[in-house]
Each structure stands twice: as C-alpha cells, then as structure tokens.
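Q: One structure, pasted below without further comment.
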Amino acid sequence: MDATRQPKLEAKSVKLAFYNERMKRRLQVLDGIDLKVFEGELVAIVGPSGCGKSTFLNAVDGLSKINGGEIRVDGKLVTAPGPDRAMVFQQDSLFPWYTVTRNVTYGLELQNRLSKDEILDRADALIDLVGLEGFAEHYPHELSGGMRQRVNIARALAPDPQLLLLDEPFAALDAQTREFMQVELMKILSRARKTALFITHQIDEAIFLADRVAVFSARPARVREIVTVDLPAQRTLDVKLQPRFRELFSHVWRLIQEESRTGLALNNGGAA
C-alpha cells in the first residue's frame with residue numbers, strides 16, 4: 001500500500017474502555033488500534049469472539065466515545081455520527097409499515113436537502129443498483145431475508161456516505177443466501193464506488209470480500225496482523241476453491257486460534 005496516499009479512514013492508537021458501575025470494574029476493550037482504509041477498499045476485520053470488533057466499528061461511526069487516540073475520515077476528526085458514514089447492521093431494521101421506496105428515502109427526507117423529485121430519483125437508482133427492480137412498492141414482509149438486506153444497503157447508500165460500515169450484515173441469512181449476497185455486495189460496492197469496513201466472524205467471507213483483512217488480537221484488542229488478499233479483484237465463488245484462498249484461510253485461522261488461546265489464558269488468570 002502506497003504510504004503517500006491519503007487514507008479514507010485512519011485510526012491511530014485508538015483506545016476504548018467501559019466502566020461497569022455496578023461491579024466497580026473497568027474493562028479495556030481496545031488497546032491501541034492502528035488501521036488505515038484507502039478509497040475504494042473493502043477492509044474486513046476478524047478476530048476472537050468478544051475481542052472488540054463491533055466496538056471499534058461503533059467508534060468509527062461515532063456511536064462509542066474513545067478514551068485515547070483518534071479516528072479520522074477524510075482527514076476530519078470523528079467526534080460523533082455524521083453523514084459521511086453509514087452503518088449496516090446484522091438485522092435489517094426496516095420500517096414494516098413503509099414500502100421499499102419509503103424505507104430507502106426515509107433518511108434523505110429527514111435531511112431535507114433534496115427536492116421530493118430528486119429523492120425519488122435517487123431511491124429509484126439505488127433500488128435498481130441493489131437488484132430490486134420491480135419491488136419498489138413491496139413491504140418488508142413480502143421480501144426474503146436477502147432482499148431485505150439489499151434494501152438496508154440501499155438505505156445506507158442513499159445519503160451518499162464516504163464510508164460504509166457493515167457489522168455482520170449477512171449473519172442472519174442462510175448459508176446459500178449468504179454466499180449469494182457476498183457476490184452481490186461486491187458488485188454493489190464496485191458500482192457505487194464506495195469504501196467499506198466489514199465485520200465478520202466468517203474467515204472465508206472476509207477473504208472473499210476484502211482487499212485486506214485486519215486480524216484483531218484477543219481483548220483488549222490490537223491489530224495482530226493485516227493480511228493482504230492477493231486474489232483477483234473480480235471474484236466469483238469459484239475463487240474459494242483455489243489453493244491460494246485456502247492458504248489465506250489457514251493463515252488467518254491460525255492467527256485467530258493463537259489469539260483465542262491467549263484470551264483464554266488471560267481470563268483463567270483473572271486478567272480483565
């Protein structure tokens with residue numbers, strides 16, 4: 001990666017701790033995260049369960065206040081949520097009483113910066129982008145799980161964020177739909193020309209989608225290693241059968257296993 005390029009996202013020495021008032025205990029979750037994401041990249045984050053992946057994503061979104069270091073998007077310090085970032089969660093959280101179009105336009109209507117016609121034009125374009133032509137007037141209960149997540153992604157893209165944050169967006173889907181949505185997400189992000197940070201527990205999903213995979217250590221999290229995914233940029237599911245894919249999978253899996261054992265040893269020793 002060219003060190004002279006300006007990153008879209010830069011996290012420097014990010015620390016975050018929570019204090020449990022009832023137990024009178026401070027829990028250090030992030031302990032000096034350093035990470036850069038460049039324009040057009042998808043960087044996936046994996047690590048042991050409970051290591052702080054989603055906490056870091058919430059910090060990037062401005063939902064969780066950090067206790068040290070800094071996070072910048074396009075050079076601007078992150079202190080709160082903003083329109084330059086959009087989050088896609090595991091559950092689609094669509095409004096059941098709104099059609100697909102109204103769900104997609106909801107955020108734009110709140111911003112009140114585009115005319116009604118401009119909002120509808122943008123919604124139509126995004127519905128087409130995520131492959132839901134013909135479903136604009138359907139309600140969420142009339143859609144499959146994968147289709148609802150497509151609406152969720154379209155809604156996140158509607159305000160034209162600079163950075164898309166995805167927190168295990170396919171975890172609730174069945175295995176077949178999940179793999180199909182991985183392919184579709186790559187197409188959507190390529191067409192929308194978006195930069196993304198993607199959280200997942202699935203190593204194969206991370207390697208398939210990402211340009212680079214950041215492996216977090218056991219809590220308190222640091223970046224154990226950043227793995228460059230040297231596979232073709234245009235990928236089909238067949239890439240998962242390639243020897244290089246399996247090599248990358250095994251390498252990342254070994255790192256996570258080592259960190260999981262470290263976390264167990266610390267917990268058994270009574271460390272927070």
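The values are calculated or read from the model by the stated rules, or taken from the named source; none is laboratory data. Here the structure is a predicted model, which is why all the values come from computation and not from measurement. So basically every Cβ, Gly included, is an ideal-geometry build from the backbone, and we count neighbours across all protein chains shown.
Q: Criterion first (touching a strand residue (DSSP E or B) at 6+ places or on another chain (Cβ under 7 Å), buried (at least 16 other Cβ atoms within 10 Å of the Cβ) and not in a loop (DSSP other than H, G, I, E, B)) does L120 satisfy it?
A: Criteria not met by L120.
Q: Scan the helices (runs of 4 or more DSSP H) fully inside the stretch 154-272 and keep the ones with 3 or more residues being out of contact with any Gly (no Cβ under 6 Å at 6 or more places or on another chain) and within 27 Å of A136 (Cβ to Cβ).
A: Helices (runs of 4 or more DSSP H) meeting the threshold: 175-192.
Q: Specify which of the listed residues (L248, L266, L255) is under 24 Å from G50 (Cα atoms), surrounded by 12 or more Cβ atoms within 10 Å (Cβ to Cβ) and either at pLDDT below 95 or among the charged types (D, E, K, R) (or both).
A: Going through L248, L266, L255 in turn, just one is under 24 Å from G50 (Cα atoms), surrounded by 12 or more Cβ atoms within 10 Å (Cβ to Cβ) and either at pLDDT below 95 or among the charged types (D, E, K, R) (or both): L266.
Q: Still on this model: From the residues in the stretch 100-117 that are farther than 24 Å from L63 by Cβ and part of a loop (DSSP other than H, G, I, E, B), which one is nearest to the chain's Cα centre (by Cα)?
A: L114
Q: Have a look at F198, F180 and point out the one that is free of Cβ contacts under 8 Å to residues at least 60 places away in the same chain and of a type in the set (A, V, I, L, M, F, W, C).
A: Result of the check over F198, F180: F180.
Q: Here is a further query. Which one of these is modelled with pLDDT under 95 and among the basic types (K, R): R224, R219?
A: R219
Q: State yes or no: is V104 of a type in the set (A, V, I, L, M) and under 22 Å from Q176 (Cβ atoms)?
A: no
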